[in-house]
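Student: Mind looking over this structure? Questions follow.
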Amino acid sequence: MSGRLAGKVALISGTGGGMGRAAAIEFAAQGALVAGCDMNAEGDAQTAELVRAAGGTMRSFAPVDLTDEAQAADWVAGAVAEFGGIDVLYNNASVARVGPWDQLTYEEWRRSLTYELDLVFITTKAAWPHLVARGGGVVINVGSVSASRGAGFVHQHAHGAAKGGVVAFTKHLMVSGIDHNIRAVSISPGMIRTPATSEIPEDVLADLMAKTPSRRAGQPEEVARLASFLASDEAPYINGADIAIDGGAAAIAP
């Protein structure tokens, strides 16, 4: 490991499994002090154990529902009290709703926007003063390739709309960070093999991979390595960008 995040305090949401767990392990391995949170307290505790077993530092704050302003503020305040400030906010947590358009209810639509877009606003709003006080930092938001393209294998109206909002929010956040030395970037994963995508039938997955230039699905660790680079001092000129990590799927016509 390069130690590219040595001494940095990184708040990572959704660390109970999947891409959040991979990020916590990667950031800690690169020297960051990690403050994680999740609604899944057991999963988050397991992630913290994995980080510590590898010699890293992670404090688990769970359960935390980041759609609740008070809980989000408590997570941020707890991390600041534990580690003295914030250098990186990695808004990874989300709960997606996908499925047939004609079965999508307004309640499900609102829930997806709340748990994929609103929580990014709420958490960033809570962390922002601490990033300003630190003299700068990085906000990394997780978008999706569905923010800019449709999906034929499963309808993603609510998910795509929410993630489109995340990507747009990131660009406006970049403007707000100019005078504070705060960068804002988004990462848009394609098909990544996580617990959330494990229920996709194998035949559907095989068809997707046949249409993907890299001919395979991505791994959470690959997303985590991209995020650790973007969070580091090696990426000071990357700002306001949305970076796809999808094996080339979005760059080629189906």
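Student: Determine ³J(HN,Hα), in whole Hz, for all residues of region 201-210 in sequence, where each value follows from phi through the Karplus function 6.51 cos²θ - 1.76 cosθ + 1.60 and θ = phi - 60°; x replaces Gly and Pro.
Tutor: Per residue, the Karplus-derived 3J(HN,Hα) values read x, 4, 5, 5, 4, 4, 5, 5, 5, 5 Hz.
Student: Right, another one. I'd like the Karplus ³J(HN,Hα) series for region 91-108: coefficients 6.51, -1.76, 1.60, θ = phi - 60°, whole numbers in Hz, and an x wherever there's a Gly or Pro.
Tutor: 7, 9, 5, 6, 10, 8, 10, 10, x, x, 4, 6, 10, 7, 8, 5, 4, 5
Student: Using the Karplus curve 6.51 cos²θ - 1.76 cosθ + 1.60 with θ = phi - 60°, work out ³J(HN,Hα) for each residue of region 29-45 in order, rounded to whole Hz, and write x for Gly and Pro.
Tutor: 5, 8, x, 6, 8, 9, 10, x, 8, 6, 6, 8, 5, 5, x, 5, 5
Student: Beta carbons within 10 angstrom, averaged per residue: use that to sort the peptides 200-207, 118-125, highest first.
Tutor: Per-residue Cβ counts within 10 Å, averaged per peptide and sorted highest first, yield 118-125, 200-207.
Student: Still on this model: Under a 5 Å amide H to amide H cut-off, with H placed in plane at 1.01 Å, what residues pair with GLY143 once short-range neighbours are removed?
Tutor: ILE187, SER188
Student: Which residues' amide hydrogens lie under 5 Å from the amide hydrogen of MET191, considering only partners 5 or more residues apart or on another chain, with H built in the peptide plane?
Tutor: GLY218
Student: So, one more: Please list, ordered by chain and number, the residues whose modelled amide H lies under 5 Å from the amide H of GLY137; skip anything fewer than 5 residues away on the same chain.
Tutor: HN-HN under 5 Å from GLY137: ILE182, ARG183.
Student: How would you order 27-34, 222-229 from highest to lowest mean count of nearby Cβ atoms within 10 Å?
Tutor: 27-34, 222-229
Student: For the peptides 105-112, 129-136, 72-79, what is the packing order when you average, over each peptide's residues, the other Cβ atoms within 10 Å and list the highest mean first?
Tutor: 72-79, 129-136, 105-112
Student: Using a 10 Å cut-off around each Cβ, can you sort ASP246, ASP38, ASP68 from fewest to most neighbouring Cβ atoms?
Tutor: ASP68, ASP246, ASP38
Student: What number, rounded to the nearest 500 deg cm²/dmol, is the helix-based mean residue ellipticity at 222 nm of the chain, given -39500 (n - 2.57) per DSSP H run of at least four residues and division by all its residues?
Tutor: About -13000 deg cm²/dmol.
FYI, it's all coordinate maths here, none of it is from the lab. What you are looking at is a predicted structure, and each value in this text was computed from that prediction instead of being measured. As a convention, Cβ positions derive from the backbone with ideal geometry for all residues, glycine included, and neighbour counts pool all protein chains shown.
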